[in-house]
1. Look at A220 and say whether it is modelled with pLDDT of 90 or more, closer than 30 Å to T265 by Cβ and over 21 Å from the mean Cα position of the chain (by Cα).
2. Filter region 248-289 for residues that are β-branched (V, I, T) and touching a residue at least 12 places away in the same chain (Cβ under 8 Å); which is surrounded by the fewest Cβ atoms within 10 Å (Cβ to Cβ)?
3. In region 205-231, which residues are on the phi > 0 side of the Ramachandran plot and in a helix (DSSP H, G or I)?
4. How do the pairs read when you match residues in region 27-56 that are over 30 Å from I321 (Cβ atoms) with residues anywhere that are surrounded by 19 or more Cβ atoms within 10 Å (Cβ to Cβ) and at pLDDT below 85, using Cβ under 9 Å and keeping only pairs 6 or more apart or on different chains?
5. Checking the condition in a helix (DSSP H, G or I) and either of a type in the set (D, E) or not assigned by TED's automatic domain parsing to the domain that holds W339 (or both), which residue from M165, M202 passes?
6. Looking only at region 215-229, how many residues end up being in contact (Cβ under 8 Å) with a residue 60 or more places away in the chain and surrounded by fewer than 21 Cβ atoms within 10 Å (Cβ to Cβ)?
7. Report, by residue number, each residue of region 187-205 that is in contact with a helix residue (DSSP H, G or I) (Cβ under 7 Å, 6 or more places away or on another chain) and at pLDDT below 80.
8. For region 180-196, indicate whether the set of residues that are at negative phi, assigned to a helix (DSSP H, G or I), buried (at least 19 other Cβ atoms within 10 Å of the Cβ) and not hydrophobic (A, V, I, L, M, F, W, C) is non-empty.
Amino acid sequence: MPVSSRQVLLWVMLALALWTAGAFLLPLVFGVILAIALWPLNQRWGGAGRGVRRRVLVPLAITVATGLAFILPLTLALIEVAAQGQALLDWLSRAQTIGIPLPDWLPGLPLIGHRATEWWLQHLEQPDALMNGMTESALGTVAEWALATGSGILSRSLLLLVSLMALFFILRDGEKLGAQARTLAHHQLGPFGERFADELVMAVRGTVIGTIVVAIAEGALIGGAYGVAGVPHPVFLGFLTAAFAMLPFGAWAVFSVVSVYLTITGQPFAAGLLFAYGAAVMVIGDNFVTPYLVGAKLHLPLLFAFVGVFGGLATFGLVGIFVGPVVMAGFLIVIRELWPSEDEALTEN
C-alpha cells in the first residue's frame, strides 16, 4: 500500500511535535491520565450544555482541588522533615556535650548485647564521643540535601503545573477530544480501535482508583493505629504509609519498621497488634476492595502490577507509578484481543 505525501507529512510533524514537547511529555501524559480518571466527576458536576459552569467553573474547581491534593501533603511532609532536621541538629549538639546515654534495651539483646554495650560505653556515652569532623560532615550533608531538595521541588512544581494545565483544558474540551480520539482509533485499527480506546479509558480509571483511593484509605486506617499505639508523629507516618501504599509491599515496609520501633522501645504487645492490624488492612484492601473498585477484568495480576509500578518508576520517575500500570493494562487488553480466553471466545461466538 503506497504511502501518500500527506501521511509522510503527518508522521514528520508528529515526530517534530513529540521532540519539541519532550521535556513536558510525561507531565502531559499524567494530565491526560488525571483527566480520564476525573471525567465522570466533571460530567456529574458540570451537567449538560456548554455554559460557563460546564466550560470553566467545574473544570477549574476540579483542577484546583487536584493541585491542592498533591501540594498539601507535600507541604506537610516538608514541614515535618524540616522539624526533624532541626531535632537531629539539636541531638548532635547534645551528644557532643554530654554523650549519648546507653539504651536500656541494648544489654538485653541476645548474643550481641554484652559486646554492643561495651562498644557503646567506649565510643558513644563519653562527652565529645562524636568528633567535630563528624558533626561538620553531617551539617554539610544536611545543607547539600536541602539544596538538592529545593532544586528538585522547583523543577517538579513546574512539571505539576503543566499537568494541571493539561487537566483543565482536557476537562473543558473533553467531549470533542474524546470523539476525535475514537474516530482516529477506528480509522487506524477498525472496530478493535474503539474497543481498545474504551477499555483503556476504563483501565486508566481503575488504575487511578486502585492506586490513589485505596492507598489513601489504607494510610488513614493504619495512621489511626499509629496514634492509638502512641507512635510519635502519627499523622506524618500515616501520610508516609499512604504514599508507600502506592508501591507493591510499600505500606508493609512502613508499618513493619514502626512495629520494630515499638518492640525496641519496650512495647512488643503493641507492636504485634499494630503489625496484625496493618496486615489485615492491606490484605482486605489489596485483595477485596481494589478488585471491587477496579473490576476483576481490569485488575492487574500481581506480577504485572509489580513490573508496571517499579518499571514505570525506573523509566519515567514518580509519574511512572501511574503510567507504568496503564501501559501494562493496555498490553493486557491487546493480548486478550489477540488470544482470548475460552470463556471470552464462547461469549463472542
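1. No, not satisfied.
2. Here the residue is I264.
3. Residues satisfying the conditions do not exist here.
4. Listed pairs, sorted by first residue: G47/R54; A48/R54; R53/G46; R54/G46; R55/G46.
5. Values: M202 fails: either of a type in the set (D, E) or not assigned by TED's automatic domain parsing to the domain that holds W339 (or both).
Going through M165, M202 in turn, the sole match is M165.
6. 2
7. Answer for region 187-205, where residues must be in contact with a helix residue (DSSP H, G or I) (Cβ under 7 Å, 6 or more places away or on another chain) and at pLDDT below 80: just L189.
8. no
The values are calculated or read from the model by the stated rules, or taken from the named source; none is laboratory data. Nothing here was measured: the structure is a model prediction, and the numbers come from that model. We place every Cβ from the backbone using ideal geometry, glycine too, and count neighbours over all the protein chains shown.
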